[in-house]
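See structure below.
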Amino acid sequence: MIPFYNGPTGTSFAVKIHPRARKDAITGELGDTLKVSLTAPPVEGRANDACIEFFANLLKVQRSFVTIASGQSSHRKVIRVAGLSAEEITKRLRM
């Protein structure tokens with residue numbers, strides 16, 4: 001089970017990004033992180049943009065509600081979603 005952290009600016013959770021994958025998808029869990037495959041390359045912030053777009057679509061929220069709280073230049077990132085509780089995110093991810 002992935003831990004979610006409710007904070008004053010939103011709910012956060014950790015992800016590990018696999019860029020240049022065949023398709024955009026959640027591929028499993030790795031310890032306390034969610035493994036995510038993205039087709040975008042890790043160049044010029046494209047994978048970060050794809051990550052934000054992926055979670056915005058998956059969670060059915062506006063793109064501006066999803067931010068990368070830390071790990072801008074790393075495969076390991078902390079995603080923050082404003083306006084949703086940990087319980088709501090879990091439901092929408094169907095975990």
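Quick notes
- Gyration tensor over alpha-carbon atoms, the stretch 1-55, equivalent ellipsoid semi-axes in Å: 21, 14, 8
- The chain: angle of helix 46-59 to the longest principal axis, Cα-based, in degrees nearest 10: 40
- The chain, dipole about Cα centre (Lys/Arg Cβ +1, Asp/Glu Cβ -1), debye to the nearest 20: 220
- Under 14 Å from the ARG94 label point (7 Å along Cα→beta-carbon), backbone N, the stretch 16-52: 25-28
- Cβ-Cβ FRET estimate between ARG20 and ALA56, R0 fixed at 25 Å, reported to 0.05: 0.75
- Pairs of alpha carbons in the chain whose separation is greater than 19 Å (percent): 32
- Dividing the mean sequence gap of close Cα pairs (under 8 Å, 6+ apart) by how many residues the chain holds gives a relative contact order of 29 percent.
We did not get these values from a lab; they are worked out from the coordinates using the rules stated. Please read all numbers here as calculations on a predicted model, not as lab measurements. Cβ coordinates were reconstructed from backbone atoms using ideal geometry, including for glycine residues, and neighbour counts include every protein chain displayed.
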